[in-house]
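Here is the structure we will look at.
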Amino acid sequence: MTAPVLEARDVVRHFGGNRAVDGMSLTLGAGEIVGLIGPNGAGKTTLFNLIAGSLKPDSGEILLGATPLHRLPATARIGAGLGRTFQIPRPFAGMTVLENVLAAVQGQSGETVAMNFLRPGRVRAEERRATARALELIEFVTLSHLAHEPARVLSGGQRKLLELARAMIAEPSVLLLDEPAAGVNPALLEVIIERILEINRRGVTVLLIEHNMDMIARLCGRIVVMAAGRELAAGTPAQILANREVIEAYLGEVGA
Ligand SMILES: Nc1ncnc2c1ncn2[C@@H]1O[C@H](COP(=O)(O)OP(=O)(O)OP(=O)(O)O)[C@@H](O)[C@H]1O
């Protein structure tokens, strides 16, 4: 593995008596696309929330490079280079696609009233730069024709693409993608797979939760399987698909 860019060390989080994440460790090497799979309720999204900062761990450490993320609030984690998308995208329905991407811009000096008053020229220049970058990303995710349409007109797959653009505007070094294929039609699924590969070619390390095994096998060099809050297995797609314990974990779910 290349130098680690993201590490979770022995992370625990429980909800009442339910240990949703129960001593999970995970390391992502620079430039990897790693798949995180496991039956429903295994703790995958909870682990994402712990890494991204929307939940606090009961114990354990999360590092982005040398930065201890578990001490930072979620917004500061974005500034430190961590991006994420959600299982169910919730864009601002009445705002345009462009406005939705711009709303994800962090730390623009235009955000402070004082800066607007003191340096209006600089604020305008930053706004122009941000708009140009947002339009570039909207083109990157193939939504240029919808840039000035309200987000409410987007299909499920187009919402996933908008999420990708929103996550990319902060120029993350590590991107967490929560079920980017869920509810997406086959034609857009190809676009999403291809865009994730291109994001990765541009140097972004990716951790991907997905139930679509075909997509996982096409994107990921390595798969980590979670069950009952812990790592059950890890390996290449071929190793994981042939692993009895993994098959039983999924069959157990079907039988439950
Ligand atoms: N906010 C919460 N409050 C209470 N329990 C929760 C909360 N979030 C998750 N859980 C519980 O933690 C466990 C792990 O859930 P989680 O959503 O992380 O699983 P998952 O692997 O992402 O599942 P799926 O594939 O269905 O999305 C489940 O038992 C779930 O009910």
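The values are calculated or read from the model by the stated rules, or taken from the named source; none is laboratory data. From a predicted model like this one, the values you see are computed outputs, not experimental measurements. Please note: Cβ atoms are built from the backbone with ideal geometry, for glycine as well, and neighbour counts cover all protein chains shown.
Points to keep in mind about this one:
- Gly43 within 15 Å of the ligand (Cβ to nearest atom) and surrounded by 23 or more Cβ atoms within 10 Å (Cβ to Cβ): yes
- Restricting attention to segment 66-99 and to residues that are under 12 Å from the mean Cα position of the chain (by Cα) and polar (S, T, N, Q), the residue that is surrounded by the fewest Cβ atoms within 10 Å (Cβ to Cβ) turns out to be Gln87.
- None of Arg9, Arg13 is among the charged types (D, E, K, R) and either in the same structural domain as Glu210 (by TED's automatic domain parsing) or buried (at least 22 other Cβ atoms within 10 Å of the Cβ) (or both) except Arg13.
- If you check Gly35, Gly23 for being within 17 Å of the chain's Cα centre (by Cα), in the same structural domain as Leu232 (by TED's automatic domain parsing) and touching a residue at least 24 places away in the same chain (Cβ under 8 Å), only one passes: Gly35.
- Condition check for Ile33 on (1) closer than 23 Å to Cys220 by Cβ; (2) near the ligand (Cβ under 8 Å from one of its atoms): one failure, at (2).
- Against the test of being within 21 Å of Thr2 (Cβ to Cβ), within 14 Å of the ligand (Cβ to nearest atom), surrounded by fewer than 21 Cβ atoms within 10 Å (Cβ to Cβ) and not aromatic (Phe, Trp, Tyr), the options Glu171, Glu231 yield a single qualifying residue, Glu231.
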